[in-house]
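Novice: Dumping the structure here so I can ask a few things about it.
The values are calculated or read from the model by the stated rules, or taken from the named source; none is laboratory data. Fair warning: this is a prediction, and the values are worked out from it, not measured in the lab. Positions of Cβ are generated from backbone atoms using ideal geometry, with glycine treated the same way; all protein chains shown enter the neighbour counts. Keep in mind that these areas ignore ligands, DNA and RNA; they rest on the heavy atoms of the full protein, side chains included. Shrake-Rupley method; radii C 1.70, N 1.55, O 1.52, S 1.80 Å.
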Amino acid sequence: AMMRVVDVLYALPFIFFVILLMVTFGRNFILMFVAIGAVEWLTTPRLGSGLLVAAIFAVVVSQLVIWARQQPLVAVGRIMDETRLVRVELKTEDRAQTQQLREAARQSTPRVYVGDTTVLDGIITSLEKLPRTLASAESLEAVDPKIIEQFGLTPEMLAAIKSEAIDGQPSQSWEAKVRELGRLLLRRPLLERQAWQRAVQEGSHSTIKLIVAGRPIEQVFRGEVINLDDKEALAGAMNLLAREAGFTGPLRTLAVNRLTITPRRTYTLDESATAQDQNAAAAAIEPVFAVSPVGQIIYQRGSVLTQAQQDLFEAELNHYRSASAIWQRLTRNVGITGAVIGITLALAGYTILFCQRARSNASRMIGVASILLLTLLLAVFGTAAIPGLGAMTVVTPTVLVALLMTVAYDRRSALAYALLHGLLVAIALRQSVGTVVVMIAGVACVVWSLKEIRDRTTLVRTTVFTAIGVAIAQVLVSFIERPLVDGVVREVAIDTGLISVGILLVGGMTLFLLPMLERAFNVTTGMTLIELRDPKQPLLRELQQRAPGTYNHSLNVAAIAETAAEAVGADALLTYVGALYHDVGKMNKPEYFVENQAGGPNKHDRLSPAMSLLVVVGHVKDGLELAREAGLPKSIQHFVEAHHGTTLVEYFYHRARQQALAGKDAGKDGAGAAVAGKPKDGAPTDANEAFMPDEFEYRYPGPKPRTKEVAILMIADAVESATRAMSEPTSSRIDALVRQIANKRLMDGQFDDCDLTLKDLHTIVESVSRTVASMYHGRVAYPSSKGSQEKRA
C-alpha cells in the first residue's frame with residue numbers, strides 16, 4: 001500500500017503536466033506526449049525520481065520568485081528607467097523630517113562636564129591653610145620655595161596673609177572669602193584650548209551642564225567657560241572671581257596667582273552622559289507622518305532616486321500587498337507559480353527528450369537542479385542585497401549556468417538550460433526584454449566559443465570573448481531602453497564595467513570549480529585528457545618500464561583509433577588517451593603476452609587453455625583496478641573494461657577444442673578415459689557435449705562498448721594485433737583483414753550498446769585500413785654486397 005501511495009505521488013506532477021499541455025497545445029499533441037510518457041514510465045525507473053526532483057525544484061523556485069518580486073530592487077543615486085505612482089493611499093513616516101527634528105534635539109541638548117574634585121579641592125585647601133602655614137614665618141626667606149613659586153609670594157603678600165591669622169589659625173573672614181571663591185570656581189569651568197573650543201562651538205545649545213561629585217550644578221552659559229591657554233583672559237577672569245569673593249589688595253593678587261601660575265583644568269567632558277542625554281532628547285521627539293494620496297509620483301523616469309523616494313517606494317509595496325484582497329494575492333501567486341511550473345516542465349521535458357546523460361542518473365538530475373537553483377539564489381539575493389550591482393548580479397549567474405552545463409554535458413544542453421534559467425531570473429527580478437537580450441548574448445557567446453576545454457587558454461579566451469560580447473549588448477540595450485538624460489552615459493559605462501568584471505569572475509570560478517565539476521558530473525575535459533596523455537604520467541611510465549611491448553602496442557593503437565575517431569566525428573582526444581591506457585593490466589604479467597616476449601619458449605605452452613584464459617582475460621580486471629587506483633576518470637576506465645567487450649578468446653578456445661578432441665580419441669580405450677574427461681555414468685554420451693569446451697566460458701566478461709570511441713578502440717586493437725602477425729601486410733590484405741574483424745565484431749553483437757551506425761562503421765574501416773597500411777607498408781628488396789637480399793624501409 002505504501003508503494004502505491006509513492007507511485008501516485010510520483011505521478012501527480014506528470015498528470016499536472018498533461019493537463020497544462022492539453023489546455024495549451026490541444027488534444028493531438030497531448031496524446032503523443034502521453035504515449036511517450038507512458039513508454040518512458042514503463043522503461044525508465046528513474047522517471048519517478050526525476051519528476052519528484054522537478055516538483056521540489058518548482059516549489060522552491062516559486063517561493064523564491066514570489067519573495068523576489070516583493071523586493072524594491074532599486075538603488076539610491078541611480079537614474080530610474082520608469083515612473084512609479086502610489087497605488088493606494090498610505091500614511092508613512094517622514095524619516096527625513098523626523099531625523100532632522102531629532103538631530104536638532106540632540107544639538108540643543110547641553111553637553112555634560114564633570115568636575116575634577118581633586119583640582120578644585122586642592123585649590124581651596126591650599127588657600128584655606130595658607131595663613132596657618134605662614135603664621136610663624138618672620139620673612140620671605142623662611143617660607144618654602146615651593147609655596148613662594150605656587151602663590152607668587154612677595155613680602156607685601158606675606159604681611160597681608162599673616163594678618164589673616166589669629167592665634168596661628170585662619171580668620172573667619174579669610175575662610176569665608178576662600179569658600180566663596182570655591183563656589184565661584186564651580187560655575188566657571190577651566191578647560192584646555194581644544195576642550196574649550198568644543199564647549200563654546202559644538203551644538204546649538206547655549207548652556208552646559210556641570211556635575212561635581214555626582215551632584216549636578218545649575219546650568220551655566222557657554223560663555224562662562226575659561227580657556228587655560230589664553231593667559232590674558234585667564235588672569236582677567238580670575239581677578240574678577242577674586243574680587244567677587246572679597247579679596248582685596250595683595251590678597252587678591254595672591255589668590256589670582258594661585259589660579260594662574262600653575263593652572264589646571266577643573267572640568268572634563270563626559271561623552272557617555274552627554275550621549276545619553278542627547279538620545280533621551282531625540283527619543284522624546286514624536287515621528288512625523290506624511291499622507292501620500294493615490295497617484296502621487298514616487299519617482300519619475302530619468303530622475304535620480306533619493307533615499308526618501310526609496311523609503312516611500314518600499315512602504316508603498318508593503319502597504320499595497322497588505323491592503324490587497326486575499327483573492328488578489330492568491331491569484332498573483334498562482335500566476336507566478338504557474339509560470340515557474342511551465343518553465344520547470346520545459347526543463348524536465350528537454351532533459352527527457354534530448355539530454356540522455358542527465359536523465360540516466362538521479363544524482364545527475366539533482367546536480368542539474370542544484371546548479372540552476374544555486375545560481376538563481378545568487379541572482380536573487382545578490383540583486384536584493386545590493387541593487388546597485390544589478391547589472392552584474394542579474395546576468396552573470398545565467399552565463400555561469402551556460403559555462404557549467406557546456407562543460408558538464410554539451411553545448412545544446414547548455415543553451416537550453418541557460419536560456420530557461422535566464423527566463424526565471426527575468427521573472428523573479430522584474431527585468432525587461434533588454435536584459436533578457438543581454439543574457440541571450442552571453443549564453444550565445446559561451447555556447448559558440450566553448451566547444452571543449454583542452455587548456456586553460458581556451459576557457460580564458462571564451463571568458464574574454466563573452467565579456468566583450470555581453471558588454472556590447474549591454475551598451476546597445478541601455479541606449480535603447482534607458483532615458484537619455486545627463487549622467488546616464490556614466491551609469492551605462494559603470495554597468496558595462498561591472499558586467500564585464502562579473503563575466504571574468506565567472507570564468508575564474510569555472511576554472512576553479514572544474515575538477516569538482518568533472519567528478520560530480522562524471523565528465524572528462526580536454527584539459528584533463530591532455531594531462532593524462534603525457535608520457536610522464538606514473539601509470540604510463542610504469543607500463544613502459546614493465547611492459548615495453550604493450551606500451552608500443554598501445555601507442556600504435558592510439559594513433560589508429562584517433563584517426564578513425566576524427567573520421568566519424570567522435571572525440572579523438574578521448575579515444576587516443578583511452579587507447580594509451582586500455583592494456584595497463586598487462587603489466588602485472590607482461591611475459592604472458594606475445595608483444596613482451598623476447599624469444600624463447602612461450603609460457604602458455606606449459607599451461608592448460610583454461611589457465612591461459614584466466615591470465616589473458618585477467619588483464620582486463622587488473623587494468624580496471626589499476627585505473628581506479630590511479631584515479632583515472634570513469635570515461636577512461638570504460639576503455640579498459642570494454643575494449644574486448646564479450647568477444648571470444650579464439651586462440652585458447654580452439655586450443656581447448658583440439659585438446660578435447662585429442663582426449664576424446666585417447667578416451668576410446670579404457671586407460672585414457674579419466675584423462676580425457678570422459679563423462680561419468682549417466683552423463684550425456686554425445687561427443688560434442690561431453691568433450692567440447694563451452695564457448696561462453698572462453699569469452700571476455702565485458703561489458704560491451706557503450707560509446708562510439710570504445711567501439712573504435714575495439715576494432716583498432718584487434719586490427720593492430722592481427723596485422724603484426726601477418727607475414728606480408730599488403731594494402732589489400734590489410735583492408736580485407738580490417739573488414740573481416742569489423743564484420744565479425746558486428747555480427748557478434750559487440751556494438752549493440754553503443755550508437756555506432758553502419759555508415760560510421762564503414763568510415764571507420766576505411767580510416768583504419770589507410771592508417772594501418774601506412775604503418776605496416778611493404779618493403780623494397782635491395783641486393784646486398786654478398787649477393788643476398790634484405791628488406792629495407
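Novice: Report the label-to-label distance for residue 147 and residue 197 in nanometres (one decimal), using points 7 Å from each Cα along the Cα→Cβ vector.
Specialist: 4.1 nm
Novice: Which whole-number percentage describes the relative contact order of the chain, with Cα contacts under 8 Å and a sequence gap of 6 or more? Write down the numbers at each step before the final one.
Specialist: Working: 1072 pairs, mean separation 89.4, N = 793.
So the answer I get is 11 percent.
Novice: Measure nothing fancy, just the Cα-based angle from helix 271-283's long axis to the longest principal axis of the chain, in degrees from 0 to 90, nearest 10.
Specialist: Tilt relative to the chain: about 80 degrees.
Novice: Right, here's the next one. Suppose accessible area is computed on protein heavy atoms with a 1.4 Å probe; arrange 234, 85 from highest to lowest. Don't skip to the end; give the middle numbers.
Specialist: Details: 234 0, 85 80 Å².
My answer, sorted largest first, is 85, 234.
Novice: Same structure, new question: Which cross-chain or sequence-distant (5 or more) residues have an amide H under 5 Å from the amide H of residue 212, H modelled 1.01 Å from N in plane?
Specialist: Here 115, 217 satisfy the definition.
Novice: Taking the chain as the reference, fit the longest principal axis to its C-alpha atoms, fit the long axis of helix 650-666 to the helix C-alpha atoms, and give the angle between the two in degrees, 0 to 90, nearest 10.
Specialist: The answer is roughly 40 degrees.
Novice: How large is the convex hull of the C-alpha atoms of segment 555-635 per residue, in Å³?
Specialist: It is 110 Å³ per residue.
Novice: With N denoting the number of residues in segment 124-239, provide Rg(C-alpha) divided by 2.2 N^0.38 Å, to two decimal places.
Specialist: 1.33
Novice: Count neighbours as other Cβ atoms within 10 Å of each site's Cβ, and list the chymotrypsin sites (Phe, Trp or Tyr not before Pro) in segment 383-487 that are DSSP loop with at most 15 such neighbours. Write out the running numbers ahead of the final one.
Specialist: Numbers: sites: 409, 417, 448, 465, 479; in loops: 409.
In loop regions of segment 383-487 (DSSP not H, G, I, E or B), there are no sparsely surrounded chymotrypsin sites (Phe, Trp or Tyr not before Pro).
Novice: Each residue of segment 99-106 in order: what ³J(HN,Hα) in whole Hz does its phi give by Karplus 6.51 cos²θ - 1.76 cosθ + 1.60, θ = phi - 60°, with x for Gly and Pro?
Specialist: Result, rounded to whole Hz: 5, 5, 5, 5, 5, 5, 5, 5.
Novice: Top to bottom by accessible area (1.4 Å), largest first, where do 120, 269, 52 land?
Specialist: 52, 269, 120
Novice: Next up: Would you work out the Kirkwood radius for the chain? I mean one over the mean of 1/r across all pairs of different Cα atoms, in Å.
Specialist: By the Kirkwood definition, the hydrodynamic radius is 36.7 Å.
Novice: Can I ask one more? In segment 368-431, what trypsin sites (Lys or Arg not before Pro) fall in a loop by DSSP, with at most 13 other Cβ atoms inside 10 Å?
Specialist: Taking segment 368-431 and a limit of 13 other Cβ atoms within 10 Å, the loop trypsin sites (Lys or Arg not before Pro) found are 430.
Novice: Rounded to the nearest 500 deg cm²/dmol, what is the calculated helix-only ellipticity per residue at 222 nm for the chain, with -39500 (n - 2.57) per DSSP H run of length n ≥ 4?
Specialist: -21500 deg cm²/dmol, from helical runs alone.
Novice: What is the pair-distance distribution P(r) of segment 325-421, computed from all Cα-Cα distances in 5 Å bins starting at 0, with each bin given as a whole percent?
Specialist: Values per bin, smallest distances first: 2, 13, 19, 21, 17, 14, 8, 4, 1, 0.
Novice: Mean shadow of segment 604-651, computed from the convex hull of its alpha carbons, in nm²?
Specialist: The Cα convex hull of segment 604-651, projected and averaged over all directions, gives 3.7 nm².
Novice: Ranked from the most accessible area to the least, with a 1.4 Å probe and all protein chains present, what is the order of 67, 327, 196?
Specialist: Sorted descending by solvent-accessible area, the residues read 327, 67, 196.
Novice: Now for a different question. Once phi is turned into θ = phi - 60°, what whole-Hz ³J(HN,Hα) does the Karplus curve with 6.51, -1.76 and 1.60 give for every residue of segment 471-486, x standing for Gly and Pro?
Specialist: 4, 4, 4, 4, 5, 5, 5, 5, 5, 7, 8, 7, x, 8, 10, 4
Novice: Sticking with this one: Roughly how far apart, in whole Å, are the Cα centres of segment 221-254 and segment 309-342?
Specialist: 72 Å
Novice: What angle do you read, to the nearest 10 degrees and between 0 and 90, between the alpha-carbon axis of helix 488-521 and the longest principal axis of the chain?
Specialist: Computed tilt is about 50 degrees.
Novice: Given labels modelled 7 Å from the Cα in the Cβ direction, how far is it in nm from residue 722 to residue 628?
Specialist: 3.2 nm
Novice: What ranking do 421-427, 249-255 get when scored by the average of other Cβ atoms within 10 Å per residue, highest first?
Specialist: Details: 421-427: 22.6, 249-255: 19.4.
Top of the packing list down: 421-427, 249-255.
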